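The values are calculated or read from the model by the stated rules, or taken from the named source; none is laboratory data. Please read all numbers here as calculations on a predicted model, not as lab measurements. Cβ sites come from the backbone with ideal geometry, for glycine too, and all protein chains shown count toward neighbours. For the accessible areas, the whole protein counts, side chains as well, though only heavy atoms, and no ligand, DNA or RNA atoms are used. Shrake-Rupley method; radii C 1.70, N 1.55, O 1.52, S 1.80 Å.
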Amino acid sequence: MSQKKDGPILIIALLITVGLLGVGGWWIVQQLGNRNSSEPSPTVSTSPTPTNPPPVTSGIRSAATLTAVENIPSGLFNYGGSTTWAPIRRDIDPAITQAHPGFQLRYMNPTTGAPGSSTGIQMLLNNQLAFSQSSRSLKVEEIQAAQQRGYTLKEIPVALEGIAIAVHPDLSIAGLTVEQLQNIYTGQITNWSQVGGPNLPVTPYTRRPEEGGTVEFFLQNVLGGASFGSNVSYIPTTTEALRAVSADPGGIYYASAPEVVVGI
């Protein structure tokens, strides 16, 4: 199969036999530590500054449509976090702005490191964001760090999604089991012939654990807490990883399913 001239062709050519591995999506917001009410009243400023946004302390409100949501604050609100959310926010943010023109959202990349759940939460802890999106739940040390700063972090589960596996479109292989995937990423399987494929070295790609919530989920729930093998190549973003796989006949990469599908 040849590649198109206008960009890499990527096909999800592997199906994990138990289906997609499920992960969750969260919004992480700050709450003032001295509030005792389980339903705190909104305390968001109506004119937040881009560099030092106020904490978001209001609860999630249900509504049939975006325009039906009430008590929306005005201003420019910086947010950041998970790359898993990229395909979603691309479509949702303009719809929110159209429904509530005074409520402006701006995604912020970290000044150091790659975008991801962990870096977004750290930016929230540093009071650089109004809220952060995450593909994992909060860690104990992140909750404690917020408490030391005089506030709490609240996580609001909002979605479920899955992890998809991407390989080169020319790789001839029927599928992988979770155990085989484990062995690939821990360095026990280094050639595709070990799983019924061609005599071709395996090149596993991944983002770094300290940057992506999906990576942390993969380490804990797929690798069972084991570390990546020395054969694993680290790459900053899913876009770059998918491009690397498209140029590497033995490459393999995992990511949030929406990211992989949109990247095809």
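In angstrom, the C-alpha Rg and Dmax of segment 147-205 are 18.7, 57. Computed over protein heavy atoms with a 1.4 Å probe, the carbon and sulfur contribution to the accessible area of segment 206-264 reaches 50%. Across segment 103-204, the fraction of Cα-Cα pairs farther apart than 17 Å, rounded to a whole number, is 66%. In a simple Cβ point-charge model (Lys, Arg +1; Asp, Glu -1; nothing else charged), segment 120-264 has a dipole of about 200 debye relative to its Cα centre.
Model label sites at T112 and L76, defined 7 Å from Cα along the beta-carbon direction, differ in position by 2.6 nm. Projecting label points 7 angstrom from Cα along Cα→Cβ for V140 and T177 puts them 3.4 nm apart.
Say a paramagnetic label sat at a point 7 Å from the Cα of N221, along Cα to Cβ; which residues of segment 97-132 have their backbone N under 17 Å from it? Within reach of a label on N221, which here means backbone N under 17 Å from a point 7 Å along Cα→Cβ, segment 97-132 contributes 117-118. Among 110-122, 195-207, sorting by the average number of other beta carbon atoms lying within 10 angstrom of each residue, highest first, gives 110-122, 195-207.
Taken over the alpha carbons of segment 209-264 as equal point scatterers, the Debye sum produces base-10 log I(q)/I(0) values at 0.25, 0.29 Å⁻¹ of -1.18, -1.35.
For segment 122-264, the alpha carbon positions stretch 57, 29, 23 Å along the principal axes, listed from largest to smallest.
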